[in-house]
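Reviewing the structure listed below.
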């Protein structure tokens, strides 16, 4: 009699459940395969290239003898990404502030949102071409220059920063804005003293992820900076960078250069990983859900 | 209970006096002074609503309300959910217009100042009329001390001894003894009731004339509620208080006068005892006896 109240588990249902779980697990593992392989190859091939001189010498460009290291590439990437961040982060957060605090649901704000979304999907090579046409071909301040590469990277970062900042600013509860406004605070003070500090960890996280993305981009730099070997701190000159170094080395018919490309790739991945980890740490301190 | 009579007496003139928005009705001898009918120690001001209408887009939430909040009195706003009592209160410090699509028409007067006048700075209105919200909203990035100081700092007021102001405000909100040893800790670590008293301290730190409370106890337990109610009784020595409440017992406990609203209209306003014993309007009676809600 109790069997009719609590019937035994249907064998077919249990079998289907097992099958579905198995398929999902299999697909997840399959998705991990390329990821693990990438890390494996990076370590296997890149670690061999690493040495003290690898990080302390510039590429020499010689066909015979010592090919040199990647010092100029590391510094170049840091310089250009830093300049790009200085341009893109205040701009992006500014746009997001406008959208969240002032534009809200107006038609103009929605149009801006739409274009920001479109910009997020624009292939990075297009930003490179754009800068090539506008800044390089027009010969503003010479031809190829590091600052032009930074502009291309900044354009790439802008929608990423804006989007992430908008999400974080929207998360700041309206009750806090109301509380501050009801105290007789002018709107700009509400933004600078309440909204921005509350959203700060999220803003930092979004910006770091945008930086990480920009650091690994090759295409925007190809047409705007051009490749050189030497260490360069003058942003109006051509400059080396990790992605371009890799791009250049990997196509060479010399094993030593290809090995250097792997070493540089491993360096780049570690840089990005560091930024991502930092972003996660900051995110954990966030007071927003 | 003498001020109650003056309240009801003064309710009439504003209705006929809609053409001249400035200046209080004839009852006031001094044009710019404080409310004359209040005791000498009192420093609050009167708030008069004249033909106040408020809208959310096309939704007409407050419909032509006339009402006088007497100085140094606690006025409770009661009525079923959605009757417009919160909206009405948010019109008094012009917070209503912060919501997208929201607007208000008509007159709100602080003594003889038209708060919706073209010369009036919204920011100044909100400094003069403080507000405590339904859910405690201390600023999460700030310490207890900074939360109370926030009002002074955010409004850019200069020449204030902030330390002293924070202490007097926390004492005024009955919170000083509980937090004086941990002023540097975050406000979010306090209990709900403490947080709400922190928000009250933050509000009185700006030294407003009027305090609006939008269901200040609805997120609190009975003991915390009792503390806030005792505090309200204290605060009316210095401020004019308007409190929105769902809880009719609370209105009966704290309010000198009570106003009953229904579907955006003011049904009845009078001494609290009268509203809860012998209301003039049958709708009021039905509401307070629980026939609808």
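Some observations on this one:
- The set of residues from the stretch A:95-126 being within 14 Å of chain B (Cβ to nearest Cβ) and not in a helix (DSSP H, G or I) comprises A:104, A:105, A:106.
- Within the stretch B:191-244, the set of residues being within 14 Å of chain A (Cβ to nearest Cβ), touching a strand residue (DSSP E or B) at 6+ places or on another chain (Cβ under 8 Å) and part of a helix (DSSP H, G or I) comprises B:196, B:199, B:200, B:203, B:204.
- Evaluation of residue A:145 against (1) crowded, with 22+ Cβ neighbours inside 10 Å; (2) more than 25 Å from residue A:115 (Cα to Cα); (3) within 14 Å of chain B (Cβ to nearest Cβ) (one fails), failing number: (3)
- Of all residues making up the stretch B:154-168, the number that are surrounded by 17 or more Cβ atoms within 10 Å (Cβ to Cβ) and either touching a helix residue (DSSP H, G or I) at 6+ places or on another chain (Cβ under 6 Å) or within 11 Å of chain A (Cβ to nearest Cβ) (or both): 4
- Unique match (being closer than 21 Å to residue A:71 by Cβ, surrounded by 19 or more Cβ atoms within 10 Å (Cβ to Cβ) and within 23 Å of the chain's Cα centre (by Cα)) among A:242, A:209: A:242
- Residue selected from the stretch B:146-175 under the condition in a loop (DSSP other than H, G, I, E, B) and under 12 Å from residue B:199 (Cα atoms), by the criterion nearest to the chain's Cα centre (by Cα): B:173
- Qualifying residue in the stretch A:60-70 (condition: over 29 Å from residue A:119 (Cβ atoms), part of a strand (DSSP E or B) and touching a residue at least 12 places away in the same chain (Cβ under 8 Å)): yes
- The stretch B:129-140: number of residues that are farther than 22 Å from residue B:245 by Cα and surrounded by fewer than 21 Cβ atoms within 10 Å (Cβ to Cβ): 1
- In the set (1) within 14 Å of chain A (Cβ to nearest Cβ); (2) touching a helix residue (DSSP H, G or I) at 6+ places or on another chain (Cβ under 7 Å), residue B:86 fails one condition alone, (2).
- Subset of the stretch B:93-120 (residues that are away from chain A (no Cβ under 14 Å) and under 17 Å from residue B:48 (Cα atoms)): B:104, B:105, B:106, B:107, B:108, B:109, B:111, B:112, B:113, B:114, B:116, B:117
- Matching option when the condition is in a helix (DSSP H, G or I) and either in contact with a helix residue (DSSP H, G or I) (Cβ under 8 Å, 6 or more places away or on another chain) or closer than 27 Å to residue B:231 by Cβ (or both), among B:268, B:273, B:285: B:273
- The residue list B:223, B:241, B:211, B:200 contains one member that is crowded, with 23+ Cβ neighbours inside 10 Å and over 15 Å from residue B:169 (Cβ atoms), which is B:241.
- Selection count, the stretch A:255-289, where residues are without any contact (Cβ under 8 Å) to a residue 12 or more places away in the chain and within 24 Å of residue A:240 (Cβ to Cβ): 5
- Selection of the stretch B:126-145 for residues being in contact with a helix residue (DSSP H, G or I) (Cβ under 8 Å, 6 or more places away or on another chain), more than 7 Å from chain A (Cβ to nearest Cβ) and in a helix (DSSP H, G or I) yields B:144, B:145.
Here is a yes/no grid of residues against (1) within 14 Å of another protein chain (Cβ to nearest Cβ); (2) within 21 Å of residue A:149 (Cα to Cα); (3) out of contact with any strand residue (DSSP E or B) (no Cβ under 9 Å at 6 or more places or on another chain):
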residue	(1), (2), (3)
A:188	yes, no, yes
A:198	yes, no, yes
A:218	no, yes, yes
A:234	no, yes, yes
A:240	no, yes, no
A:248	no, yes, no
A:277	no, no, yes
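- Complete set of residues in the stretch A:130-151 that are assigned to a loop (DSSP other than H, G, I, E, B) and either within 23 Å of the chain's Cα centre (by Cα) or closer than 17 Å to residue A:241 by Cα (or both): A:144, A:145
- Check on residue B:148, more than 20 Å from residue B:244 (Cβ to Cβ), without any contact (Cβ under 8 Å) to a residue 60 or more places away in the chain, within 14 Å of chain A (Cβ to nearest Cβ) and surrounded by fewer than 22 Cβ atoms within 10 Å (Cβ to Cβ): no
- Positions within the stretch A:59-87 being in contact with a strand residue (DSSP E or B) (Cβ under 9 Å, 6 or more places away or on another chain) and modelled with pLDDT under 90, in sequence order: A:59, A:60, A:61, A:62, A:67, A:68, A:69
- Unique residue being touching a helix residue (DSSP H, G or I) at 6+ places or on another chain (Cβ under 8 Å) and either closer than 18 Å to residue B:130 by Cβ or loosely packed, with under 15 Cβ neighbours inside 10 Å (or both) when the list is B:174, B:193: B:174
- For the stretch A:32-52, taking the residues that are assigned to a helix (DSSP H, G or I) and touching a helix residue (DSSP H, G or I) at 6+ places or on another chain (Cβ under 6 Å), the one that is nearest to residue A:67 (Cα to Cα) is identified as A:49.
The values are calculated or read from the model by the stated rules, or taken from the named source; none is laboratory data. Note that the structure is predicted; figures quoted are calculated from it, not measured. Glycine gets a Cβ as well: all are built from the backbone with ideal geometry, and neighbour counts include every protein chain shown.
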